[in-house]
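These notes are about the structure you will find just below.
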Amino acid sequence: MPTEVDVAIVGGGPSGAAAAHYLSSRGHSVLVCEKKTFPREKTCGDGLTPRAVKALQEMGLQKELDTWERVRGLRAHAAGKTMELDFPALDDWGNYGLVKPRKDLDSIVLSHAEAQGAKVLFGTQVTEPVFDKGVLSGLKAKRDGDIEEVRAHFVISAEGSATKFTRTLARDRDPSYPMGLAIRQYFTSPMQSSGWFEAYLDVRVGADSLPAYGWVFPVGDGTVNAGVGLLSTYGQWKSVNLNELQRDFVAQLPAEWDINQRTVCSKPRAGRLFMGGSVRPPHGPGFLLTGDAAGFINPCNGEGIAYAYETGRIAAQHIDDALSHGGSPTLAGYADELKGIYGPYYRLGRRFVKLIGYPWLMEKLVSIGMNSKSVMSFAFTMLANLEDSKATTYEQRGLKALKLLAELKPQRGSK
Ligand SMILES: Cc1cc2nc3c(=O)[nH]c(=O)nc-3n(C[C@H](O)[C@H](O)[C@H](O)COP(=O)(O)OP(=O)(O)OC[C@H]3O[C@@H](n4cnc5c(N)ncnc54)[C@H](O)[C@@H]3O)c2cc1C
């Protein structure tokens, strides 16, 4: 382990890998401490929207992407109907998504950062921060049973929803923000290359229509990733048994998809989704938080990989500015930039998921949507946060108008 680096990064998932990629490609010495040994499983739906595809392209991974399983959009199922919604053709975003198991995806992106010069230590768990006069100036990590210390000009916490290290920096999730819970499994299925993100919007517990959706994503290797996610805005979310929810969801899938206990090829794995910018502020003296560690999952659709890449890139820019160009060592500009880019949308998202926490409203909205392709097309653009700087379609005008409305009367307690 080196004794001193420019930037030490806790975690080699999407946000840590993206930050490492951008910082090392700008010539800074970077150490990534990753507690697991890659390739490793990560509980996820493995779905990459056009946002994530763009982030991967920007890191120079197009050649790899060309070999992954492509999807053209969302196939929504609810109220006894099915509706196909292609990703919109926009200037700012491509019109396709991808599916790549995290076991492979995270290895590929982290190796790419290593190729730029980042040093990655696997099996290295960061245990505590090292402060110097109140400024984070390094960390201690456990490796092969020994505790080692590294000094760093800046530290990035990209540890995901593990939160152990982030809490030592006096940063924790604001419990008034919505949170997601989700569970997934792999199955062999003839849907393994369906070309669509299948989304079931009618997830119920008893008579209640939940703020939730079930998914079946085609992995392209003979398997699908099938799971279900639920929001904490549902009043009784704590009493929902995720394993039962998953069992009920799988049981309602079409028999010809052959997704059942006979074709299952992994145990169900569940995780928490920290959403809407719920860990605040995402910076402090000498450190930045990125991805899930900053609570940056999109509350509207549970997508976190793209936001992990994006916040990793933005964090790298601010640290690069501080290291190379005498930018502010407090890194406060990072929080301001995140607020500027994501604030209005996340405020809208938090309000939206609060509303759909009412079962009667969720049911009504799904039934209205499934009767109108225009409504669903707008909802798809909004939920995936695919705002375009130039397009003037009704979906784009609607999304921009809703963001403005959400700005007019800030939610209590939101910043
Ligand atoms: C069931 C489920 C389904 C999901 N489906 C999707 C989906 O289809 N699409 C999507 O975009 N998002 C999805 N998400 C969200 C997505 O998984 C996360 O938003 C994303 O992984 C965040 O990336 P990250 O780099 O911030 O954190 P992580 O991916 O969690 O990476 C953190 C890394 O840090 C390491 N680490 C943790 N603590 C330490 C420590 N102390 N020392 C060293 N290393 C440490 C971990 O081992 C890990 O490798 C899903 C989440 C769940 C739970």
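Couple of notes before you dig in:
- Test: residue in segment 150-165 that is on the phi < 0 side of the Ramachandran plot, small (Gly, Ala, Ser), open to solvent by 60 Å² or more (accessible area, probe 1.4 Å) and in a helix (DSSP H, G or I): no
- Screening residue 61 with (1) away from the ligand (no atom under 12 Å from the Cβ); (2) touching a residue at least 60 places away in the same chain (Cβ under 8 Å) gives one miss only, at (2).
- Taken over segment 247-273, the residue count meeting the criterion of being more than 16 Å from the ligand (Cβ to nearest atom), of a type outside the set (S, T, N, Q) and either assigned to a helix (DSSP H, G or I) or exposed (fewer than 14 other Cβ atoms within 10 Å of the Cβ) (or both) is 8.
- Subset of segment 48-58 that is within 15 Å of residue 95 (Cα to Cα) and surrounded by fewer than 18 Cβ atoms within 10 Å (Cβ to Cβ) - its residue that is nearest to the ligand (Cβ to nearest atom): 54
- Residues (open to solvent by 10 Å² or more (accessible area, probe 1.4 Å) and polar (S, T, N, Q)) located in segment 190-230: 192, 193, 194, 223
- From 372, 377, 367, residue being in contact with a helix residue (DSSP H, G or I) (Cβ under 7 Å, 6 or more places away or on another chain) and polar (S, T, N, Q): 377
- Residue 343 satisfies every condition listed in (1) part of a helix (DSSP H, G or I); (2) crowded, with 21+ Cβ neighbours inside 10 Å except (2).
- Screening the candidates 110, 121 for the property of being surrounded by fewer than 20 Cβ atoms within 10 Å (Cβ to Cβ), farther than 30 Å from residue 212 by Cβ and not acidic (Asp, Glu) yields one hit, 121.
- Residue ID - nearest to residue 109 (Cα to Cα), chosen from residues in segment 2-43 that are small (Gly, Ala, Ser) and more than 17 Å from the chain's Cα centre (by Cα): 20
- Residues being open to solvent by 10 Å² or more (accessible area, probe 1.4 Å) and away from the ligand (no atom under 12 Å from the Cβ) - total across segment 25-45: 5
The values are calculated or read from the model by the stated rules, or taken from the named source; none is laboratory data. Every value quoted in this text rests on a predicted model; they were computed, and no experiment measured them. In this analysis, Cβ positions are derived from the backbone assuming ideal geometry, glycine residues included, and neighbour counts consider all displayed protein chains. Accessible surface is based on the protein model in full, side chains and every heavy atom, while ligands, DNA and RNA are left aside. Shrake-Rupley method; radii C 1.70, N 1.55, O 1.52, S 1.80 Å.
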